[in-house]
Amino acid sequence: MITINELRKGIDNIDDNIMQLLCERMEIVDQIGVIKRESKSLIYHPDREKEIIDRLIKNNRGKLSNGAIEAIFLEIFGVSRNLELPELISFLGPEGSFTHQAAESRFGAVADYIPLPSIKSIFDSVETGRAKYGIVPIENNQEGMVKESLDLLSERKLFIISEIIIPVNFCLATKEESIQSINKIFSKDIAFNQCQGFLQDYFGNKQDDFFVHVDSTSKAAKLGTETKSSAALCSHIAAKLYGLPILFDNIQDNDTNQTRFIILSKLENLKKTNRDKTSLAIKLKNDNKPGTLLKLLQEFEEANINLLKIESRPQKDTNEFKFWFFIDVEGNKLDTNIQKLIDKKTDEITFLGSYMNLC
């Protein structure tokens with residue numbers, strides 16, 4: 001009968017082979033990086049990464065789940081990008097926020113990150129070149145669009161090159177081994193609101209001062225590590241960041257709660273896939289005339305362009321009560337019908353980006 005030691009030797013041999021193959025992969029990555037730097041092209045290509053992951057999942061015949069394959073290779077991609085060209089990525093902080101979680105889900109744990117305090121500061125960091133990419137929330141499927149992100153997209157000269165969609169999951173993290181030892185829970189008001197069912201079931205008899213409101217779930221996790229007999233209602237990444245053990249996972253009331261984030265860049269990232277989305281900002285010239293918006297929408301229909309979303313926002317560059325429109329359409333700027341309409345309406349349509357549609 002084969003022994004554990006013999007099995008472990010087999011694992012060691014496989015690990016050595018994996019290491020050798022990874023080194024060979026990085027040699028090729030380094031060569032690609034030289035070509036990209038010479039051509040000044042973007043290092044980050046989510047469509048290419050998605051293509052690789054889809055191929056590997058399709059060919060998977062082993063015990064690895066689809067999620068495990070994706071997690072492993074996203075980290076490999078992150079190391080590869082950092083080798084091609086070390087990049088600073090800004091995100092809406094603090095560390096341990098859901099935006100941080102979104103960033104790591106696409107750029108890996110090895111990337112260089114900088115948490116910034118506001119959505120405006122993210123746009124500033126990318127526009128000035130202090131960061132290569134910026135990540136901000138743009139939409140929650142329960143609460144709607146993030147107004148500040150929309151407004152800044154219409155005001156700045158940046159492009160959306162990718163989107164990230166993550167579920168909003170909360171956990172109860174604590175150093176205590178049982179809920180009976182917990183004397184207070186730290187969290188942000190929105191987390192308390194979204195986990196009311198769990199809190200009522202397990203802590204329904206507690207006084208109001210048992211629930212301590214703080215600025216962020218990241219701060220809650222930090223306090224949970226520093227305060228005896230306490231717990232934090234926080235994100236997984238915040239618990240991981242502060243080394244706080246998770247006692248209960250996925251305790252939010254609504255399992256369908258998801259947030260969409262966008263990756264910002266100074267450069268377009270145009271490459272077609274089989275499921276693209278294009279975002280546009282539209283300021284109508286003759287918006288004081290009846291039917292102006294209807295006529296524009298009819299032009300989309302005539303061009304066989306499917307509208308996915310339309311959102312109105314006030315124009316802040318005038319003292320009049322005027323609006324501009326954020327529109328998502330199906331397809332890519334490289335598609336002839338979309339390119340023609342943009343070219344025809346250059347005085348009304350601003351191109352914000354084409355990228356793979358994950359919704």
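The values are calculated or read from the model by the stated rules, or taken from the named source; none is laboratory data. Since the structure is predicted, the reported quantities are computational estimates derived from the model, not experimental observations. Note that we place each Cβ from the backbone using ideal geometry, even for glycine, and neighbour counts take in every protein chain shown. The area values use the complete protein model at the heavy-atom level, side chains included, leaving out ligands, DNA and RNA. Shrake-Rupley method; radii C 1.70, N 1.55, O 1.52, S 1.80 Å.
Of note, residue 37 does not satisfy the criterion of being of a type in the set (D, E, K, R), part of a helix (DSSP H, G or I), under 16 Å from residue 107 (Cα atoms) and modelled with pLDDT under 75. The residues listed here are 304, 332; of these, the one that is in contact (Cβ under 8 Å) with a residue 24 or more places away in the chain, part of a loop (DSSP other than H, G, I, E, B), on the phi > 0 side of the Ramachandran plot and not hydroxyl-bearing (Ser, Thr, Tyr) is 304. Whenever a residue of segment 138-151 is touching a residue at least 60 places away in the same chain (Cβ under 8 Å), its partners that are of a type in the set (Phe, Trp, Tyr) and part of a strand (DSSP E or B), lying with C-beta atoms within less than 6 angstrom and at least six residues away or across chains, give the pairs 150/326. Restricted to strands (runs of 3 or more DSSP E) entirely inside segment 140-258, those with at least 1 residues that are over 19 Å from the mean Cα position of the chain (by Cα) and farther than 26 Å from residue 118 by Cα are 171-174, 184-187, 211-213, 230-234, 246-248.
Among the residues making up segment 105-121, those that are surrounded by 18 or more Cβ atoms within 10 Å (Cβ to Cβ) and hydrophobic (A, V, I, L, M, F, W, C) are 107, 111, 116, 119.
Per-residue answers, yes or no, for (1) among the aliphatic types (A, V, I, L, M); (2) open to solvent by less than 20 Å² (accessible area, probe 1.4 Å):
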residue	(1), (2)
260	no, yes
267	yes, no
274	no, no
281	yes, yes
286	no, no
290	no, no
293	yes, no
299	no, no
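For residue 124, the criteria (1) in a helix (DSSP H, G or I); (2) without any contact (Cβ under 8 Å) to a residue 40 or more places away in the chain; (3) open to solvent by 50 Å² or more (accessible area, probe 1.4 Å); (4) of a type in the set (D, E, K, R) hold in every case but one, which is (3).
Can residue 106 be described as part of a loop (DSSP other than H, G, I, E, B) and charged (D, E, K, R)? Considered against the rule, which asks whether it is part of a loop (DSSP other than H, G, I, E, B) and charged (D, E, K, R), residue 106 comes out as no. Across segment 58-84, the number of residues qualifying as out of contact with any helix residue (DSSP H, G or I) (no Cβ under 6 Å at 6 or more places or on another chain) and touching a residue at least 24 places away in the same chain (Cβ under 8 Å) comes to 6.
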